[in-house]
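Working notes, beginning with the structure itself.
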Amino acid sequence: MFGIKFSPVKNTRPIKTIEREMESTRARYQHYLETTSDNYMAQRGDVKIKDPHTMAGNAYYEIREFINPISKLAKKYNKEVTFEDARILIRNDEFVSPVVENDLSTKILISAKDKSKNKADDSIFEKFKNGILVDKFDNPEIPFMKKISNALGELFTGKKNTNVDTELGIK
């Protein structure tokens, strides 16, 4: 009447034991560790923000609000912009003094790479040479996004004291 069968059902597959379940879980986790990296990066268009959650203060959240205008500017100038926590770049260097590491803990490295030149050189020396360090807490009367605007203007145009305030919507 209700479609209930009273005949016994054969179980053709073996029952998973706890040991087998643990082995499969370990295998999946090992595969995850092998396929992922520890370099966290947020990206939108031509703007990359590497290690955003280790940046000084709330710098990531301030930059995040302006990602779309910065991406449009980067496309206009045919550049690829990267924001990085400066301290992360030197973390694995055993010859860096604690004073230098402490100094870089409040700074963000902004670099702009020309997209037409497909240079694969991403060495730390080239990043510091071609980028601009912006200090989040230095000179607090100047807003942080104003500092970033000045750095981006210099990176895009190659001229000192140039900013992109109007393009970013900063007053």
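The values are calculated or read from the model by the stated rules, or taken from the named source; none is laboratory data. Remember, it's a predicted structure, so these values are computed and weren't measured experimentally. Side chains are part of the model used for accessible areas, which takes the heavy atoms of the whole protein and leaves out ligands, DNA and RNA. Shrake-Rupley method; radii C 1.70, N 1.55, O 1.52, S 1.80 Å.
Here are the numbers for the structure shown:
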item	result
Links that overshoot a 22 Å alpha carbon limit, given the list 115/146; 79/146; 75/136	115/146; 75/136
Accessible solvent surface per residue of the range 59-171, calculated while the other protein chains remain in place, 1.4 angstrom probe, Å²	60
